[in-house]
1. Round to the nearest 10 and give me the degree value, 0 to 90, for the angle of helix B:215-230's Cα axis relative to the longest principal axis of chain B.
2. If N is the number of residues in region B:209-305, what value comes out of its Cα radius of gyration divided by 2.2 N^0.38 Å?
3. How much of the DSSP beta bridge set in region B:1-196 is antiparallel, as a percent to the nearest 5?
4. Give the lysines reachable from A:Lys671 as a straight Cα distance under 20 Å; neighbours fewer than 8 places away on the same chain don't count.
5. Roughly how tilted is helix A:106-126, in degrees to the nearest 10 and between 0 and 90, from the longest Cα axis of chain A?
6. Taking the Cα centre of the protein assembly as shown as the origin, how large is its charge dipole in debye, to the nearest 20, when only Lys and Arg (+1) and Asp and Glu (-1) carry charge on their Cβ atoms?
7. Starting from the Cα of A:Lys99, draw a straight line to each of the aspartates and glutamates and keep only those under 16 Å, dropping any in the same chain fewer than 8 residues away.
8. What residues of region A:129-158 lose no less than 20 Å² of accessible area with every protein chain in place versus their chain by itself (probe 1.4 Å, heavy atoms only)?
Amino acid sequence: MTAGRLPIEGHTASMSIAVFICVLSLSLFDPLMIWVIMLSLCTLFVRISLYLGWYQHAPSQRTINLLAILTSLALTWFSFDLGLLLSMINLLVAACSLKLITLSKRKDFLQLFACGLFLIGCGFIYQQSILSALFYFATLLFLLFALLSFFTPQLAWQKRIKIISFQLLQALPIAIILFLVMPHLSPLWKMPTSQTSKTGLAEKVTPGDIANLTQSDELVFHATFDGKVPPRQDRYWRALTLEAFDGRTWEISPHRERFRQRNQRFNNVFSPLTSTPSYDYQVIAEASGRSWLYAIDIAVPATRADNEQIWVSRDYQLIANQPLMSKRAYNVKSYPAALLPSPDLALESQLNLMVPSQGNEKTRKWVTQLRQTHPDNHQFVAAVMHYFAQHPFVYTLSPPPMRQNFADTFLFDKRAGFCSHYASAMAYVLRLAGIPARMVTGYQGGERFKDQVISVYQYDAHAWVEAIVSDAGWTRYDPTAVVAPSRLNAGLREVLETSGELQQHNFFSGIGQAGVVKEIRLIVAHLNYFWGRWVLGFDHHQQVNLFTLLFGQLTPLKITFLMLGCMLAISGFLALYFLPRWKRKSIDPVTQLYLRAVQIISSAYGIARHNQPPLTFLQEAANLLPDEAKSHFYEITHTFVAYHYQYPPLDDKAFNAALSKMRKDLKALQKKVVKVPGTNRD
Amino acid sequence: MNARFHAVVKALGQHIIGKQEQIKLAITCLIANGHLLIEDLPGMGKTTLSHGLASAFGLNFSRIQFTSDLLPADMLGVNIFDSQQHEFTFKPGPLFNQLVLADEINRASPKTQSALLEAMEEHQVSVDGTTYALPRPFFVIGTQNPSYQSGTYPLPESQLDRFLMRISLGYPSWEAETAMLQGGGNRQQFTMPEVISTADLLVYQQEVNQIHCSDNVISYILRLVTQSREEGVYPNALSPRASKALLQAAKAWAYLHAREFVVPEDIQAVFVAVAEHRLRSERDDPREQKVLSERLLESVDPIAA
């Protein structure tokens, strides 16, 4: 099967690779456009009909070229919306599909094989869980199977599987060593941001507009604590600090953003005042497509590597220098403190007192009255909290829409909402009273997944208020805690159960069930946790940890030896494979001399021996060689034949004579061959 | 080439024009004491070749035309009641000849086929409990039509193995056919002098066994058969019987070329004829298959390096 067209009907290899590409493009459902997936399904259909012989002739090259041009035009059109990365993946899948239709040569098949490997890599951009890893591993096996069926069409499939598994087992130790030892470099280039936005927290919060909060049971992050785990009600995971308020919407203050960028440019690092003790933990965050990270206040990155990757902003946010396009692990130290010192009191007060001058008349009047009776900041805040506790406020995930005069409607009329409603209303009220206040969003609580591990899901999303009551700094207030204390003590589930809203929110359905389903869910969750922590989260830091654990304190000498050891281990494994071939290389001097003569002739005249026996090759070479060289090569060949095949065999004396004669002939041959330009093949 | 064999080849070449290689292979098969299978379309000169061989070596010749209703007894012979002597006497069938042409062997039923193949292997036949030795030398040339033609019972792999070689004559070249039409090779005037006597043939068959085969050549044979067993692209791997056949044929080829030892060229010269029918799966259409034995030859280096 060296050249020429491949058979079409009943050709298992091309059928398998068609199935492979189709399955893979279906698994890339997220990044692919629907028509690209349909194209790939159509090509599978074409391949099936060719395979079963319903149709004998593959579409002509011209048809495919036309299709390719149309496809690339369409892709160019859509690429303006899609961004570079997605268009490239779409292009690759579309190209593979079209290639599948024309698949007829060995070259085509090998190209498709290489593209298939690349597509598997693309798949990992979007999914990294252990299940998808298993899935992609299975597709890889299938791809290798297709490759093997291409080269050994007559082999039974059981035998093929045996060969593949054997070779994979051979490769496994090398892969493990490389995974553990290879330096885990941070990406050399930035992954173009994919535009499929992830659900989760938003940079803008407009509580009045949200009628029905959609939340999911998607995992946000796992936090693995070293030592103590903070109690549930203290687990306020800050993600975003929202300081700009226009009467309806809270968002990140543009001034703040500008300051941050300037500080980052001049590397004006903010190191918050901290005091012991601290909580030490590692967070493994799922991909969010955003750059903010999650941590309990007051958080600082724990390791130097993290310090380089994470920026601590002056509003106590942790910001990664690259968006979380995939799972990411980072280490944090959190110093619990009642107060967050304000880095620039004057500026922050000014920033957090801004309210629109109009609207919410009822609230304004109420605040003015309340302020008169409670001139002290502490008392005023207490009075506001008291107001929430006193009146029949309801915690619900499906509040009525409140588009006009949100604060008025919420505080005096509807009195129903979830965390952002309470946080928004309270921060607004405090600002009206002249107390600098802001909204913080993030997650609250989280389930204890294992002893030291907290897992936080999207439905743990929360919003609370921070205010400068005294000049010392920011104090956290959580009005939701007053309205629905169980939200903090027991979690959202508890709250919804008591209010009878649970049935509407089916994202708890999986957790609530007992029995096998729950067991399986737990096992998968555990597997995913370990996968994330030990495989995906295996970074430079953990690498160093592992080596220290194995070999004690790392010194340059030890590292050198370790590297050398690994190199030796890898070469040892490779040697196991190559040794049988090397063994055969121990050849006698006569053969060596003969092969050298063949080599000289091959490179001079551009003919290869191609496994021809010596006398046949002599005939072929004789036509090309000049007369003298011919006679020398004739002698060499005949000595070789005499030594290897003749009867009776040469005795020692004759052998030595033959050998020295052969050497002389070889030297003479070397001089006599004339190099023919342009036919050199070496 | 040995002068006497050269004369045979030349003499046969006058009747089967332009098929030197196949004639040499057929003679090789004969002196290697093996049986020959010729697979070809009708009218390619299979019968002419057999006739020619028989006359050149002075062998008694018989021809059995195989049909689906041919019975083993038609071939082996029967016991007939002699009314004068009041006893059964054995009347030998056409098989009791030195050169038997089993024409269209794959048209006969499996029962008849296996009776023939048994006789080929054992050099004797048993009829009604009595064993009769076949003449020496005993040489069967089987011909068969390609297995995709209708009305054939393909020979099973185990029986194909009994034939030392399988050759196919193929269409003659333009020049050869021109020469043939202009007056050469007419079956009616087909008379050929005896070139080599039967007694000499038996001596040659003994001498072939004396040809030396060095360890290097044996290792080459072993590498070839091992490759066929390990590479996995061959429907049937080469059996030890095949490697023995290969060695025997190579020795005969070397003898034919007046050499006292085997070189890899000898192996390669006979390899396609010896190995192809053992490697191939008969169920597949031979027109669509590449020559597997050539592929095998290309993949193994005769020089053990």
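The values are calculated or read from the model by the stated rules, or taken from the named source; none is laboratory data. Predicted, not measured: the structure shown is a model, and the values here were computed from it. Note: ideal-geometry Cβ built from the backbone for every residue, glycine included; neighbour counts use all protein chains shown. The protein model used for the area step is the full one, side chains on, heavy atoms only, and it has no ligands, DNA or RNA in it. Shrake-Rupley method; radii C 1.70, N 1.55, O 1.52, S 1.80 Å.
1. On a 0 to 90 degree scale, this one is about 80.
2. After normalising by residue count via 2.2 N^0.38 Å, the value is 1.06.
3. Counting DSSP beta bridges with both partners in region B:1-196, the antiparallel share is about 40 percent.
4. Straight-distance partners of A:Lys671: A:Lys630, A:Lys661.
5. Its long axis makes an angle of about 20 degrees.
6. Roughly 2120 debye, rounded to the nearest 20.
7. Leaving aside aspartates and glutamates fewer than 8 places away in the same chain, those within reach of A:Lys99 are A:Asp108.
8. A:Thr152, A:Gln154, A:Leu155
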